[in-house]
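Have a look at the structure below before the remarks.
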Amino acid sequence: MSMRLKPLAASLFLAGFLTVPVQAASNQSLENAVTKLEKEVASLKSELKANKNNTSSSSKNKKTARTQAASDSDVHLQEYLPFDPDVPGQAYVSSGPYVGVNIEFAGTSLIVNSPSVNTDLQLLTIRKKIITQLNTMLGESGLEPTHSHVLLSGVIEGQANYTNNGGEPSTTDIDVTNVSLDTTIFGPSDWILGFVELSYNNGTPMSDVFVSTSNYRVGNSRVYVNKAFVTLGNLTCSPVYFTFGQFYVPFGTYSSVMVSDTLTKLLGRTKARAIQIGMMQQSKNAFYASAYIFRGDSHAASVAKVNNGGINLGIKFDLGFFKGNIGGGVIGNIADSGGMQMGTGFQDFEQIENRVPAYDLRASLTLGEHLDLIAEYIIASNRFSPMDMSFNNHAAKPSALDVQAAFSFSAFKRPSSIGIGYGKSNQLLAMGIPLTRTSLVFNTSWWRNTLQSLEFRHDRQYAESAVATGAGDTAVPSQNGESDNAVTAQFDYYF
C-alpha cells in the first residue's frame, strides 16, 4: 500500500508544481479584471451621485428660491448696514447725517443757522426713510428690520470776525463757536427713539456759573447736555407722535441762511423740559399740529408749577414750481424764552407780575429751483408789567420781524447761495436787541459735509432818547442810536 501511494503522491506533487505558473497567470488576470471593474464601479457611482444631485436640485428649486433670496438680501444688507440680522438685539453704530442741516453735495438752498426746533419730527422722518430702505432691500426674505441702530452725528464750527461797535474801538476774534455731538438711538422697536445732544460752552470762565476766577476762556470749554428726549411714534404706520424730555418747544422755526441769529430767535426760542404730542400727515400737501406743556422758569404765582404750554399749527405744500410751509403758534408765556431768561436785564427773571402770551406767524416759500423766501413775526399778546419790562416809561409789548431771500446757484460746480436779510424789533431795548439788523451772506459747500459762509451784518441801535428797564429795577442804558458793523467768516464741518 505504501509503495502504491508513493507514485500517486509523486504524480500529484509534479502536477501541482506544473500548475503554479498557470495559477499565477490566472490570478494576475483576475486582479487586472477586478481593478478594471472597481474603476468602472467608481465611475458609475460618480455618475449616479451627479444624477441624484441634479434631480434633487431640480426638485427643490422652488423651495430654495426663498432661501437664496434671503441669502442675497442678507449679503446686500450687510454691505449697507454693518450688523448681523440673525443676532437679536445686536445694534450697529453709524454716523450722520447732522439733523436739520442740508449736507448734500448738490442742493438748492443752504440753511446755515439750524434752529434746532422740531428735532423729534426730523428724526422720525429720517427713521421712516431707513425703514423704507431696509424693507426694499429685504424684500420677501422674511427678515424684520427691528434691530437697534445707534446714529452718531455732530458739528464742529469755527469763526473769524471783525466787529466795529459804533463809537468804540473795533475788535477781532477767532473762536470755536460750536461743537456738538448727537446720539440718536433707533429701536429696538420701530415705535421708539431717543436723542441726546452734548454741546460745549465757548464763553469765558468769568461768564460761567461754575467758575468765576479767571478770564482764560480756553480753560472753560465745559461740556453739557443741550437736548435729551424720547419720542414714541412711527410715521410709516401713524402720523401721531409723542415726545418728552428737554428740547426746544415748537414755538417758531427761526430758519435762516444767515450766520447771525435772527431777532425773532433772540426773542422767542424756548427750551424746556416738556411733554408734547404732535401729528404730521405723510403726503406732499400735509397738515401738521402739536401741543406741549412745561413748567416755566418764570411764574406769577407764589410757587412754580406746570404753568406754560402752547399750540403749533401749519401746512406744507408742493405744487411743483411753488413749494412752501406756512404756519403759526401761540405760547402761554414768552417770559420763559431763552432770550428773556439769559438776555441783558433778565438774569433773575423768575417772579413776575403777570404772564405774557405771544403769537408766531411764519412762512417759507420756494420758487422753482433757485429762489427761497423766509418770513417770521413774533409779537406779545399783551403788555408786561412796567415792573418787569418797560420801554420809554411804559409797559413794554415786544415784537420782532425777520424776512430773508436767498438765490441758489452753482459756483465752480459747487452748490452756493447768496442771501439778504432784514430784521426789526419793537420795544426790545431791555433785552439788548438792536432796532434793526441788515445782513448779506454768501454760502457755499466746497467739500462734502461742509459749509463755508461769509456774512456782513449792520445793526442799528435804538435812539439815544430811548430808555428801558428789565426785571424790576435793572436799568438798561441807551446805545445812543449808533450803528454796529461786523464781518464774519464761518466754517462748519458736519458728520
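See the values below:
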quantity	calculated
Distance from region 176-190 to region 233-277 (C-alpha centre basis), Å	16
Where trypsin sites (Lys or Arg not before Pro) fall in DSSP loop in region 370-464, at most 11 other Cβ within 10 Å	413, 448
Around residue 355: net Lys/Arg minus Asp/Glu count, Cβ-Cβ under 11 Å	-3
Sparse-neighbourhood loop sites, chymotrypsin sites (Phe, Trp or Tyr not before Pro) in region 383-426 - DSSP loop, at most 11 other Cβ within 10 angstrom	412
Surrounding net charge for residue 482, when Lys and Arg each add one and Asp and Glu each subtract one, Cβ distance under 9 Å	-2
Given 265/424; 227/424; 128/284; 284/323, the pairs whose alpha carbons are separated by over 20 Å	227/424
9 Å beta-carbon shell around residue 252, net charge (K/R +1, D/E -1)	+1
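Rule-based calculations on the coordinates, nothing more; no lab input. Every value quoted in this text rests on a predicted model; they were computed, and no experiment measured them. Please note: Cβ atoms are built from the backbone with ideal geometry, for glycine as well, and neighbour counts cover all protein chains shown.
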